[in-house]
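The values are calculated or read from the model by the stated rules, or taken from the named source; none is laboratory data. Predicted model only: the values in this text are computed from it and were never measured. With ideal geometry, Cβ positions are generated from the backbone for all residues, glycine too; neighbour counts draw on all protein chains shown. The accessibility values were calculated without ligands, DNA or RNA, using every heavy atom of the protein model including side chains. Shrake-Rupley method; radii C 1.70, N 1.55, O 1.52, S 1.80 Å.
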Amino acid sequence: MSQKNDAPALVVSLLITLGLIGGGLWWLMHRTSGSSLPGSPQVAQSTGTQSTGTQSTGTQSTSNQSANTFANVQSVPSGLFNYGGSTSWAPIRGKVDPAIQATWQNFQLRYTQPTTGTPGSTTGIKMLLENQLSIAQSSRSLKPEEYQAAQTRGFTLKEIPVALEGIAIAVNPNLTLPGLTIDQIKGIYTGQFTNWSQVGGANLPIVPYSRRLEDGGTVEFFAENVLSGGSFDPTVQYINTTTQALQAVATNPGAIYYASAPEVLGQCTVKPLAIGRQAGTLIPPYRPPLVTGAQCSSQRNQINTDALKSGDYPLTRRLFVIVKQNGQADQQAGEAYANLLLSEQGQTLLGQAGFVRIR
């Protein structure tokens, strides 16, 4: 065969070779830069909770986000699930959870007390980590060391906010006082003020009550946001439960205590005080006017929803459902419980229980 006849074949072969080389180089360059090839699937980035303690708000399905009633919430498991933790959740366990049980009878929630120590957010999260609970109820955000403790056990934790609440300052109903600033409350619990006359009240010794720092999220929140990380004065008297503390305040004219607003506002034997960042802007945790005396038994004080939502009331925080992300029944139970509370029916009942809805 002549060279003249071979030339076209050589040219075609050369063009094919150059095309293959160029295509390979283009593919390698785009792969290195992280771009996807036309028609190739995109890889979604993970948005899971980080071990650094970064807060996770949780992700519910679209159907659950728009659920109007408990019956509309999907993926509610059957079984018996232990739950517990923050004492601030007591009104929820009394009012909201029975309505959940009435709708989902096979989703059985059993409140579980700690075998050692007192109930609280910290205790509940510890019990969740140690497989004593399926769901933890918390009045504070998770700590970095709690995320890390979960990872050492082979799973992660997720916190899902479901409501807002305020911390109320309770005093004896016979104490005449317009209110307290945050600095004055700090001064009382750090020993700077020991008589009510120093903060605008009567000549009467102040008797401050508190639960212990290790008892729960409310005390931790108070120490961080009121005491600014400082220590309680030795004159502070420690009481195990809010019920016992409120009973002491009711019988001691100079007593003062702090607790979740729904726990305080529901009592007729103590008086919640207006508080503020400055003396001229005292905001009550209740919706004015204050209901006292004989009227209180039939017309309880209601939460000052607008002040909590706007942030005008200075001691406001979120409540969280703590979910164990282990791909098992506990995770499904925790996410279902959060979804139920975030439904329209759940948010309405949370409002009736004295909390502020977040959606």
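If you take the residues of region 249-261 that are farther than 12 Å from SER210 by Cα and of a type outside the set (Gly, Ala, Ser), which of them is most open to solvent (accessible area, probe 1.4 Å)? Per the criteria, the residue is THR251.
For region 237-248, filtered to residues that are touching a residue at least 40 places away in the same chain (Cβ under 8 Å) and part of a loop (DSSP other than H, G, I, E, B), the residue that is least open to solvent (accessible area, probe 1.4 Å) is THR241. Name the residue that is farthest from PHE221 (Cα to Cα), counting only residues in region 112-126 that are in a helix (DSSP H, G or I) and not small (Gly, Ala, Ser). If we take residues in region 112-126 being in a helix (DSSP H, G or I) and not small (Gly, Ala, Ser), then LYS126 is farthest from PHE221 (Cα to Cα). The residues listed here are ARG110, ARG153; of these, the one that is open to solvent by 70 Å² or more (accessible area, probe 1.4 Å) and either in contact with a Phe, Trp or Tyr (Cβ under 8 Å, 6 or more places away or on another chain) or within 18 Å of THR242 (Cα to Cα) (or both) is ARG110. Screening ARG300 on (1) open to solvent by 70 Å² or more (accessible area, probe 1.4 Å); (2) out of contact with any Gly (no Cβ under 7 Å at 6 or more places or on another chain) shows it passes everything except condition (2). Report whether or not VAL264 is part of a helix (DSSP H, G or I), closer than 30 Å to ASN326 by Cβ and either open to solvent by less than 10 Å² (accessible area, probe 1.4 Å) or touching a helix residue (DSSP H, G or I) at 6+ places or on another chain (Cβ under 6 Å) (or both). Spelling it out, it is not the case that VAL264 is part of a helix (DSSP H, G or I), closer than 30 Å to ASN326 by Cβ and either open to solvent by less than 10 Å² (accessible area, probe 1.4 Å) or touching a helix residue (DSSP H, G or I) at 6+ places or on another chain (Cβ under 6 Å) (or both).
In the set ASN131, ASN82, only one residue is part of a loop (DSSP other than H, G, I, E, B), under 22 Å from the mean Cα position of the chain (by Cα), at pLDDT 95 or above and not small (Gly, Ala, Ser); that residue is ASN131. For region 191-236, the set of residues classified as of a type in the set (Ser, Thr, Tyr) and open to solvent by less than 50 Å² (accessible area, probe 1.4 Å) consists of TYR209, SER210, THR218, listed by residue number.
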